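Report on the following structure.
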Amino acid sequence: MSALFARLILRPLWADRGRTMVTLASIALGVAVIFAMDLAGEAAAGSFRSSMETVSGGEDIEILSTGGLPADLLGRLSGLPYPLRYSPRIEDFAIVNEKRTVPLFGVDVFANALELAEAGNRAEPKLTEAGQRGVFTTAGLGRRGESIRLQVNDEAHDFTILGTIDSRQVSGDLVLLDLEDADLVTGRQGKIDRILVTLPETEKAAVDQWAERLRQGMPEGITVRPVGARKEENRKMLAAFRWNLRVLSYIALLVGAFLIYNTISVSVVRRRAEIGIVRAVGGTGRLMVAGFLAEALFFGLAGGLLGLALGRILAEGAVKLVGLTVTALYVSSTAAPVEFAWSAAAVSLGSGVLVSLLAALAPALEAGRIPPTEAMARGRVDTQLQAAAGRQLAYAGALLGLSWALSLLPPWGGKPMGGYVATLALVGAASFTAPSLVAFVGRRMTGWAGVEALLAGRSLAGALRRSSVLVAALATAIAMMTSVGIMVGSFRETMLTWIDRQIRADFYLRPAGEAAMDRHPTISEDVARRIEQIPGVLAVDRFRAYSIRYNGLPVILAAGDVQAQMRYGRTSLQKGDNADAVRGMLAGEAVIVSEPFGEKHGVKVGDRITVPLGQARPSFRVAGIFLDYSSENGYIILDQSVARRYLPADEPSNLAIYADEKADRAALRARIEASYAPRRIALFENRSLRNEAVRIFDQTFAVTYALEAVAIFVAVMGVAGAMLALIIDRRREIGLLRFLGGAAGQVRRMVLFEAGLIGLFSQLLGVLSGALLSLVLIFVINKQSFGWTIEFHLPVLALLSALAFVLLATILAGLYPARMATRLNPIEVMHEE
Amino acid sequence: MEKRNLTGCVAILRIEDVSKEYVAQGQRVVALDAVSLEMAPGEFFALVGRSGCGKSTLLNLAGAMDFPTRGTVRIAGQDTGRLDDAGLTGLRRQQVGFIFQNFQLLPTLTVAENVELPLLLAGLRPAPARARAIESLAWVELDGYENRMPHQLSGGQMQRVAIARALVHRPRLLLADEPIGNLDTATGNLILDLLRRAARDFSAAVLMATHSPDSTRVTDRVVEMRDGRIQ
Amino acid sequence: MTRRQWLAATTFLKAIPGWRYEFPRDHFSHPAFRTEWWYYTGNVADAQGRPFGFELTFFRAALAESVERRNVWSTRDAYMAHLALTDIAGKAFYHSERLNRPGPGLAGVDAARGRIWNGNWESLVQPEAHRLRAVAEKFSFALDLAVAKPPVIHGHGGVSQKGPLAGQASHYISFTRLEAGGEIVLGAERFRVRGSAWMDHEFFSSELDEKLAGWDWFSIQLDNREELMLYRLRQKDGAASPWSAGSYVRADGRIEHLEAAELELEPGRKWKNYPVAWRVRVKRLGIDLLAEPRLDSQELLSKAKLTPSYWEGAMVFRGSHRGLGYLEMTGYDDRVLFTRREGVRK
């Protein structure tokens, strides 16, 4: 049996090395991309731990509240008659030596002293030598005795490194301070960000009961919950994003599927004679099917294994790309090292094998049905497919209808499953249209277009199964490229329009350093006050943001100056009445929320929501919904007077400055800069904010572009390989042309024409289906995943240039096959039996 | 039995002391050994011999598809050894027509498209090419078959289309490699008669390779070959 | 500047004669002195006679004379506490230690409320009783120690001298007999217990004299309602220092100072390198006792080199008299230092 396999299947594969390589490579690439994306996504999200989780000591319960916990809560807790350990933490970020941002932790060095000393860390209670301010860092940030500059919020402080933290217990670099210094440097004024509670070993299983026990007697606004909860929430939050990424990463494999189908089909066709012989001597149809499925299995396994290795390498680079997106949109994450996850490997390999087998199913089954006699006949055109083309057009129509119906479905489990399946249906529809398109145009090519075009068109139509599969493969890649390009372009346009409309302040100030979704460093209040005094400044809107959890998902709760916003900013609501919203917010009974928040949590104007604020849990009426593209998480906006009631001492995260139109901008800017001089504050003028937004935007789509490029590459490579196979299979015809007076140049031109026709057909199908796909992407997948309304814009220039590039690449892919064609020796091929 | 050059014109094909050797699997093969042959327009020669005696090789050389190792091949007076690829292609386009044992029609083209193909390759415009193709089809008595596809034809019809194609550009030399090998006797005789007529009507020299001695009854001369030599 | 010079240059108060004791004020914290502790030890048993020993100690160590109070976390004194339970019948010894800054009520001494605490270990000092509460992972107890005898002050002139220089001494107050009653929870079991406890309170600023390695300290509650407090300061060569001393408290509460010459303390058999059995003789008082540990393994191993390891355990005394008490042995693994340790173990 295995000898049969080797002779019938493996040896021809080896003989046809080039094509085998190409097919293997396409599967390998497909699997590599899926694997790389999975690994990278896991690593970039820090295994779903935010930077705050980097220092984990086996704590079980966390206690937190918006705006911080009062210190005396810790005193009360420690006096409770429970065998629990309490670790207070101040958690923030610091920019180290003006370069990187790392997490900064304030811990009780005293309480930890015994453990740290036992573990070999020389963490001693604060030195009695006055004036010495020290920190502990991981080895990557410096050595003991060196000095280190930390910028927290808008001020910089110099410290000495007292010791090095064992990096095996933490992931990534971080800075550790004693609570006293951390409090001063972060301006917490006695507040604690989190209290972590550790249960004794024997009680670890009873986490929920202990959390409940601790919750008794705590004010309402304080959250007590098991520590794993945040990890789960991060996982949920990133779920939609990672799913989209996952789906995208499967495109390359999908394209590869077409190529497998082609390869196996070609195998079957070429070996018709052998199959007939084997059948004639007693081989069963099932043996044939098994044989070709085995060939597909070989491609799937060998290509898949190659892909795993390649994917592991690619993952390193992919981590950076994905990490940019995760940080910009979600959570400051320290990338964990890329780990070879067996489950991800199994899924990727399994996908590769499954897709290969599925793709080979149809041609393999056909091989099983070849009766022995038919194999002897040669030179017959595959007329069956011509009739089938009509049937397939009907399938295409049905799939089109199906995809429309699917896009109407609501999300399932927070994911736009209907949208994903609709995408597949559209791709299917385009694929089923390909044969009709190729046959229609190909058969109608006449000598009027030149003899090369005539021959090219007819040959494509004559090898309809193979050519239409190629067209479908390339069209799929083009459709993806087109649809994503349109979606991204639309998104960009929508966002820019929104910026122009909504962002009306003249200057924006925030603490210097890289922005991330879950970091809200602050500016000192005195800076705001000083700027208010500058003549020419109409108003300073202090914006204060907190990351909170709402229904298990992260949300940004923000307080701003509603009056200034409405008067100078002219914010308009997408839903709800402006005047009513302002009144309600100033009165402290209403809030406005952003569109993604409304979508995700099913909140409409008029609903009430309850929000943890300091120690309390007040409820507010939702008076309006506004468009916002700066965060997928969603915003809840209160007026600052309300926020101050619950969180009195807090400083702003950023300032929006409205200036008098008549004021001299440059002078005003200089005065503002002077007012905060030594502080680390970044100033954005209105127009540069636009550029900043665009920069972040492009950064977040970097990984998408990369995935598209891979899919296109796979498709074009497939075209080259398949065309080569076509040439080889038509060598007798090509030889004949030479006998009939065809010149070498004419043969070359004919092959290039074929490549060009494939390219054109693919572009046509791809652009059309891509346009339809973009509708699904924009109005279904995006809306259900993230909650944004995106206006449809066609990025004409970008699209045209991309399409032209792909067309060029396709024609270039025909260069090598064309050369092969001219190199054929007509005599040899004509006299082959 | 040798037949004389009837017209006494200048030979359209002159093969002078031609040898063809090549290396196959490390062995030196002598396909032709000092072969000489002359054909005048209108003459119909048969090349007879067993498989492997060198008939096909001789035909390839006669059709300017290959070069001799020694000796010269002249077609319409031109030494093929002196021409480059473009020159050979041009020579073929003007002077030579090929007919094959298994017809070799392009399955994706209609009958008319098959026939006009050599003209299109030569650069003729579609309209006049089509006109001449139809003429050629009429000559082989297949008018009305323009839009049929090859797979709709019988073996004999396919070979007639092939002949129409081979004659569409009025070549001076027609080379036929086992033209009736895949046909039954009756159809085969029809084809042979057609070839005879082609030699007469178009003053073409027809050189036919065959291993069947019966087909020699229509020819002017039978050239026997064995082991690369003419007997 | 060397440690010595620095120590000499500080303005922490030294324990010298002339201190005017005032109670209840002096039961609580003395920040002007650098080091202070409150030591509770006791022997108790339940109705079936199942015996336990317990120790609860609160330490205060000043890090500097004065520290700028920048926020609630600013720390001038570090508070440490030790907790131990000897399950004599079960032959098990449990101990726990913690170190805390005062912070927002994490640890400290509140004279107004009579509270000495470190996390959820506390002693509420009231005129008639001290109420101890302590919760550890494996055990907890709540014991009320009723004051059976008034507190005594050891030494001459109100200081317990431990070395030749002035100030090498401590102010040392003891409650030598407290009637203990309460509950011990060990694992899943609860025990209602009664017994007898002892409380020591010392405050001082000096360091142990250079020549000394550590000490062996006895608290003995005889069943004739008399008590003995004896300490043997141990020199590096192993011999007893002439600055050793003791106190004898009569049944009526009067205290008599015992000089080093009167004490004969002979170490006996060893467990690890601790002599856990002793012969205790004070000829003048007719006291000749053999001291045996109620459990050999009662060593408090320090997790870190921040505090030394020491042996503190329940003892039983037989011979001329019978009694129960505690023995503490320090300095057997490393030299005892009261201020911040530095450098690796030698």
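Numbers at a glance
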quantity	calculated
Under 20 Å from the C:Arg322 label point (7 Å along Cα→beta-carbon), backbone N, region C:241-276	C:251
Shielding by other protein chains, C:94-102, mean Cβ within 10 Å	4
Segments A:734-744, A:663-673, B:187-197, A:485-495 sorted - mean Cβ within 10 Å per residue, highest first	A:734-744, A:485-495, B:187-197, A:663-673
FRET efficiency estimate (nearest 0.05) - Cβ-Cβ, B:His211 to B:Val30, R0 22 angstrom	0.65
Shielding by partners - mean other protein chain Cβ count within 10 Å, residues of A:450-462	4
Within straight-line cross-link reach of A:Lys415, aspartates and glutamates at Cα separation under 19 Å, skipping those fewer than 8 residues along the same chain	A:Asp38, A:Glu42, A:Glu232, A:Glu233, A:Glu595, A:Glu599, A:Glu632
Lys/Arg +1, Asp/Glu -1 at C-beta; the protein assembly as shown dipole; positive extreme among A:Asn825, A:Thr522, C:Gly268	A:Asn825
Computed magnitude of the charge dipole of region C:33-330 (debye, nearest 20; Cβ of K, R +1, Cβ of D, E -1)	340
With every protein chain in place, chain A: carbon and sulfur % of accessible area (1.4 Å)	60
Relative contact order (%) - criterion: Cα under 8 Å, at least six apart; region: region A:59-226	38
Mean Kyte hydropathy of -0.5 or more with a Cα span along the axis of at least 30 Å, helices from DSSP in chain A	A:17-44, A:228-270, A:285-329, A:342-369, A:384-406, A:417-444, A:464-502, A:702-729, A:744-776
Accessible surface buried upon C-A contact (total; probe 1.4 Å; Å², nearest 100)	2700
Check: chain A dipole with +1 on Lys, Arg Cβ and -1 on Asp, Glu Cβ, in debye	3280
Local electrostatic count, A:Ser653, Cβ distance below 10 Å [Lys/Arg +1, Asp/Glu -1]	+2
Cβ-based charge dipole, region A:514-679, positive-most Cα from A:Val611, A:Ser572, A:Ala659	A:Val611
Electrostatic dipole magnitude of region A:59-226 [Cβ: Lys, Arg +1; Asp, Glu -1; Cα centre; debye, to 20]	120
Length released on extending from C:Ala92 to C:Glu179, taking residue separation times 0.36 nm less the Cα-Cα span	28.9 nm
Near-label residues of region C:220-251 by backbone N, under 15 Å of a point 7 Å along Cα→Cβ of C:Asn273	C:234-239
Those aspartates and glutamates that a straight Cα-Cα span of less than 15 Å connects to C:Lys14, excepting residues fewer than 8 apart in one chain	C:Glu36, C:Glu65, C:Glu202, C:Glu207, C:Asp209
Centroid-to-centroid separation of region C:198-265 and region C:101-123 [C-alpha atoms, Å]	29
Residues in region A:98-112 that, when all protein chains are in place, have 10 Å² or more less accessible area than the chain alone would give (probe 1.4 Å)	A:Asp108, A:Phe110, A:Ala111
Cα shape, chain C, gyration tensor, a/c 1.5 rule	rounded
Average beta carbon contacts from partner chains per residue of C:63-75, 10 Å cutoff	6
Relative contact order %, region A:514-679, counting alpha carbon pairs below 8 Å whose residues are six or more apart	33
Calculated FRET value between A:Ala674 and C:Ala188, using beta carbons and R₀ = 60 Å, to 0.05	0.30
Distance between region A:719-777 and region A:260-330 - C-alpha centres, whole angstrom	23
Gain upon complete extension [C:Ala111, C:Ser297; 0.36 nm per residue less C-alpha separation]	63.4 nm
Estimated FRET transfer efficiency when R0 is 35 angstrom, pair A:Thr822-B:Arg196 (beta carbons, to 0.05)	0.40
For peptides C:269-278, A:422-431, C:319-328, sequence by mean Cβ density within 10 Å, most packed first	A:422-431, C:319-328, C:269-278
Unsatisfied cross-links (Cα-Cα over 21 Å) in the set C:Lys162/C:Lys211; A:Lys320/A:Lys600; A:Lys320/A:Lys783	A:Lys320/A:Lys600; A:Lys320/A:Lys783
Cα lying deepest toward the dipole's positive end in the protein assembly as shown, options B:Ala11, C:Gln48, A:Val281, charges on Cβ	B:Ala11
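The values are calculated or read from the model by the stated rules, or taken from the named source; none is laboratory data. Remember, predicted model here, so these are calculated numbers, not experimental data. We place every Cβ from the backbone using ideal geometry, glycine too, and count neighbours over all the protein chains shown. Please note that ligands, DNA and RNA were not included when accessible areas were found on the heavy atoms of the full protein model with its side chains. Shrake-Rupley method; radii C 1.70, N 1.55, O 1.52, S 1.80 Å.
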